[in-house]
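Right, one structure below, let's go through it.
Throughout, read-outs are computed from the coordinates displayed, never taken from laboratory work. If you're wondering where the values come from, they're calculated on a predicted model, not measured in any experiment. All Cβ positions, glycine included, derive from the backbone under ideal geometry; neighbour counts span all protein chains shown.
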Amino acid sequence: MNDLKNKIILVTGGGKGIGESCVRKLNYYGAYLVVIIKDKKDNKKFKNLHNIKIYNGDVNNLDLIKKIFLDSKKEKRFINCLVNNAGVRFRKKFLEIKKKELKKVFDTNYFSIFNLMQEFAKYNIKYKIKGSIINVGSIVGENGFDELSGYASSKGALSSLTKSFAAEMSKYGIRANTIIPGFIKTSYFNKFKKNKKTLYNWTLSRIPMKRWGEPDEVANLIAFILSDKSKYINGANISIDGGWLNA
């Protein structure tokens, strides 16, 4: 499998859940991975992988982002794909949300991604590299959920950003798409299923396929969109939710 052998991919939030599956899948398909992991303890998950470079830090650290692109140039491994997976969850009643809490959510779920996309675009335009970006959104940003207005608005803004970016950057050979996962079996799944049985059963009742998705299924979609097989897909919101948004 070498569909991505010509890709050098920067993945954020690579230590857990969708990010971890994404790193493994893209590596399997032949890509060279540059991965941002917040918790250094997660590094050991990838000790047996080759063609991977890990940076430990926070996506909100613009100095770290600039260093990654600078290192890539020095090493002559020019980053041509970006997966913005890092994000924070936030649940609180609308009337109780404080401005500083909302700012914290947007700093990670929107502004850090805006900064990464901007650095990526400058870098790819300067070195005349065709590139592809995937932003990881959420069905919450499309439908809205009770007590998730802060989180939902950050993901909704991200989808709008992706579309406008795609329209403006296409002339440089840079495309961008948003994938919109539904309920996926990430690290919180078992705890959620055990402690919130009523809510868990409700989610199953709303999903036409009657199951939660696997992180590996999301990673497969990401691999396809980053590959040259999908080079005419641009500015799209692509849901992977078992049919949730169509129900």
Item checked: Principal axis box of the chain, alpha-carbon based, largest edge first, Å -> 52, 38, 37
Check: Where does helix 17-28 land angle-wise versus the long Cα axis of the chain, in degrees 0 to 90, nearest 10?
Finding: 30 degrees
Check: Which ³J(HN,Hα) values, rounded to whole Hz and listed in residue order, are derived for region 192-200 from phi using the Karplus coefficients 6.51, -1.76 and 1.60 in 6.51 cos²θ - 1.76 cosθ + 1.60 with θ = phi - 60°, glycine and proline given as x?
Finding: 4, 5, 7, 8, 10, 4, 4, 5, 4
Notebook entry, point to check: Under the Karplus relation 6.51 cos²θ - 1.76 cosθ + 1.60, θ = phi - 60°, what is the ordered set of whole-Hz ³J(HN,Hα) values for region 96-106, x standing for Gly and Pro?
Noted result: 9, 6, 8, 4, 5, 5, 5, 4, 4, 5, 5
Item checked: Nearest 10 degrees, 0 to 90: helix 215-226 Cα axis against the chain principal axis -> 40 degrees
Notebook entry, point to check: Using r as the Cβ-Cβ distance of residue 125 and residue 224, and R0 as 22 Å, what FRET efficiency do you calculate, to the nearest 0.05?
Noted result: 0.30
Next item on the list: Please give the length that would be gained between residue 77 and residue 193 if that part of the chain were fully extended, namely 0.36 nm times their separation in residues minus their C-alpha to C-alpha distance (nm, one decimal).
Entry: 37.5 nm
Notebook entry, point to check: List the aspartates and glutamates whose alpha-carbon lies under 15 Å from that of residue 44, not counting same-chain residues fewer than 8 positions away?
Noted result: 20
Checklist line | Relative contact order [Cα under 8 Å, 6+ residues apart], the chain, whole percent | finding: 21 percent
Margin query: Straight-line reach only, C-alpha to C-alpha below 22 angstrom: list the lysines that residue 155 could link to, leaving out same-chain residues fewer than 8 apart.
Written below: 16, 38, 92, 93, 98, 99, 100, 103, 104, 163, 185
Margin query: Under 5 Å between amide hydrogens, which residues at least 5 positions from residue 131 or on another chain qualify, with H placed 1.01 Å from N in the peptide plane?
Written below: 174, 175
Item checked: Amide H contacts under 5 Å for residue 240, placed H, 5+ residues apart -> 180, 182
Next item on the list: List every residue whose amide H lies under 5 Å from the amide H of residue 54, counting only residues 5 or more places away in sequence or on a different chain, with H placed 1.01 Å from N in the peptide plane.
Entry: 35
Margin query: How big is the dipole moment of region 78-159 about its Cα centre under a simple scheme where the beta carbon of each Lys and Arg is +1, that of each Asp and Glu is -1, and everything else is neutral? Debye, nearest 20, please.
Written below: 280 debye
